[in-house]
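Novice: Here it is, the structure, as structure tokens.
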Amino acid sequence: MNYLITGGTGFVGKKLIEKLISLGHHSFILTRTPEKFSNTKHTTYLNFDNTKNLPAIHGVINLAGETLYGYWTKNKKERIKTSRIETTQRLIDLMKHMEEKPDVFISGSAVGYYGISDDMIFTEETTRPGNDFLADVVVDWEKTAKQAEELSIRTVLARFGVILGSNGGALPLMSLPTKLFVGGRIGKGEQWTSWVHLDDVVDLIIYAIQKESISGPFNVTAPQPVRNKEFNQILSKSLKRPYWFPTPGLLVRAATGEMSQLILKGQYVLPNKALETGYQFHHPTLDLALEQCFKSM
């Protein structure tokens, strides 16, 4: 089958395409610089201006978006929002003009939809979004993606948690203090981290493509979120480093500004749709996930 993918050259996208190739599928990868890549038997790189002669596409997977990491200036926040919404809208417009519509649209989203809380539990049944910048971005992002439903395309809003992997994502930055022997809780350490291993991210995307009963919000997180203090304790144990040097929240806020909410705040998110429909996690606990990550580094 043929899949059209944005963000295919990124951390998740590259791993997803490897999996699609192993399953015998062909990936058409939308990128601003297709000339930098070589087409193969199973991959074709193109930009939005070169999509008129696409074959029938079974599924569209939207993983594009400006990284959240970096100081949140006014311009940075604007890029975070527009990169997601504009790319999603271009995909919607592209699908509108497809004579044969895709069966499924997997649109990347984020657990930031739920806002931040130290005591609430969020699932796909949670309908009230948070009231911070990231929640506002996700609400508009998902609203744009849901236009695909009007085209009778099954639409899945894949709300990603903190993605852990050996060669990218959040883990290299998160593990750096521990590797330097200054690991410990950050701030009060009570904030929740709804994490997920990259292997499960990829397989949950494939699962959502194949499971026709899945639509709407779909939490891509592991079933056992942990508080920051526990995350760093397990991280220290995995790296055989001491756990003793707490980082004051004031220092984090001074260094990172508004982006500090990604570090000092969090939410407890459960992947109920995945669990209730029978998905089996490869890495259901943080110790197993980190063991696999560091083994591959």
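Novice: Filter segment 157-175 for residues that are over 13 Å from the mean Cα position of the chain (by Cα) and buried (at least 20 other Cβ atoms within 10 Å of the Cβ); which is nearest to LEU94 (Cα to Cα)? Please lay out each step first, then the result.
Specialist: Taking segment 157-175 and keeping what is over 13 Å from the mean Cα position of the chain (by Cα), we get 166-167, 171-175.
Now narrow it down to the ones that are buried (at least 20 other Cβ atoms within 10 Å of the Cβ): 171, 174-175.
Values: LEU171: 35, MET174: 38, SER175: 40 Å.
Filtering segment 157-175 for residues that are over 13 Å from the mean Cα position of the chain (by Cα) and buried (at least 20 other Cβ atoms within 10 Å of the Cβ), the one nearest to LEU94 (Cα to Cα) comes out as LEU171.
Novice: Only one of (1) within 19 Å of ARG32 (Cβ to Cβ); (2) of a type in the set (A, V, I, L, M); (3) out of contact with any Ser or Thr (no Cβ under 8 Å at 6 or more places or on another chain) is not met by ALA64, so which one is it?
Specialist: So the condition that ALA64 fails would be (3).
Novice: Tell me which residues, restricted to segment 175-186, are part of a helix (DSSP H, G or I), within 21 Å of GLY249 (Cβ to Cβ) and touching a helix residue (DSSP H, G or I) at 6+ places or on another chain (Cβ under 7 Å).
Specialist: Residues satisfying the conditions are SER175, THR178.
Novice: Could you run through segment 79-100 and say how many residues are part of a loop (DSSP other than H, G, I, E, B) and buried (at least 16 other Cβ atoms within 10 Å of the Cβ)? If you could, list the steps in order and put the result at the bottom.
Specialist: Of all residues in segment 79-100, those part of a loop (DSSP other than H, G, I, E, B) come to 97-100.
If we keep only those that are buried (at least 16 other Cβ atoms within 10 Å of the Cβ) as well, we get 98.
Selection size over segment 79-100: 1.
Novice: With touching a helix residue (DSSP H, G or I) at 6+ places or on another chain (Cβ under 8 Å) and at positive phi as the only criterion, which of GLY257, GLY189 stands out?
Specialist: Details: GLY257 fails: touching a helix residue (DSSP H, G or I) at 6+ places or on another chain (Cβ under 8 Å).
Within the list GLY257, GLY189, the selection yields GLY189.
Novice: Six or more apart or on different chains, Cβ atoms under 6 Å: show the pairs whose first residue is in segment 247-276 and exposed (fewer than 15 other Cβ atoms within 10 Å of the Cβ) and whose second is modelled with pLDDT under 90 and in a helix (DSSP H, G or I).
Specialist: Matching pairs, first to second residue: none at all.
Novice: Look through segment 202-236, keep the residues that are part of a helix (DSSP H, G or I) and of a type in the set (Phe, Trp, Tyr), and return whichever of them is surrounded by the fewest Cβ atoms within 10 Å (Cβ to Cβ).
Specialist: My answer is TYR207.
Novice: If I filter segment 103-119 down to residues being under 12 Å from LEU262 (Cα atoms) and assigned to a helix (DSSP H, G or I), which single residue comes out as farthest from the chain's Cα centre (by Cα)?
Specialist: GLY112
Novice: Could you please find all residues in segment 138-174 being among the basic types (Lys, Arg) and assigned to a helix (DSSP H, G or I)?
Specialist: Once the filter is applied, which keeps residues that are among the basic types (Lys, Arg) and assigned to a helix (DSSP H, G or I), segment 138-174 yields LYS143, LYS146.
Novice: Output yes when any residue across segment 60-67 is touching a helix residue (DSSP H, G or I) at 6+ places or on another chain (Cβ under 6 Å) and loosely packed, with under 14 Cβ neighbours inside 10 Å, and no when none is.
Specialist: no
Novice: So which of LEU16, LEU4 is crowded, with 19+ Cβ neighbours inside 10 Å and either touching an Asp or Glu at 6+ places or on another chain (Cβ under 8 Å) or closer than 21 Å to HIS97 by Cα (or both)?
Specialist: Sole residue among the options that is crowded, with 19+ Cβ neighbours inside 10 Å and either touching an Asp or Glu at 6+ places or on another chain (Cβ under 8 Å) or closer than 21 Å to HIS97 by Cα (or both): LEU4.
Novice: Next question, about the same structure. Whether any residue in segment 74-93 is touching a residue at least 12 places away in the same chain (Cβ under 8 Å), more than 18 Å from ASP140 (Cα to Cα) and among the hydrophobic types (A, V, I, L, M, F, W, C) is what I want to check.
Specialist: no
Novice: Give me the helices (runs of 4 or more DSSP H) completely within segment 237-296, filtered to those with at least 3 residues that are within 20 Å of PHE133 (Cα to Cα) and within 21 Å of the chain's Cα centre (by Cα), ordered by residue number.
Specialist: 261-264
Novice: Which of the residues spanning segment 131-174 are over 19 Å from ARG79 (Cβ atoms) and of a type in the set (Asp, Glu)?
Specialist: Result: GLU149, GLU150.
The values are calculated or read from the model by the stated rules, or taken from the named source; none is laboratory data. Here the structure is a predicted model, which means the values were calculated and not measured. All Cβ positions, even for glycine, are placed from backbone atoms using ideal geometry, and neighbour counts span all protein chains on display.
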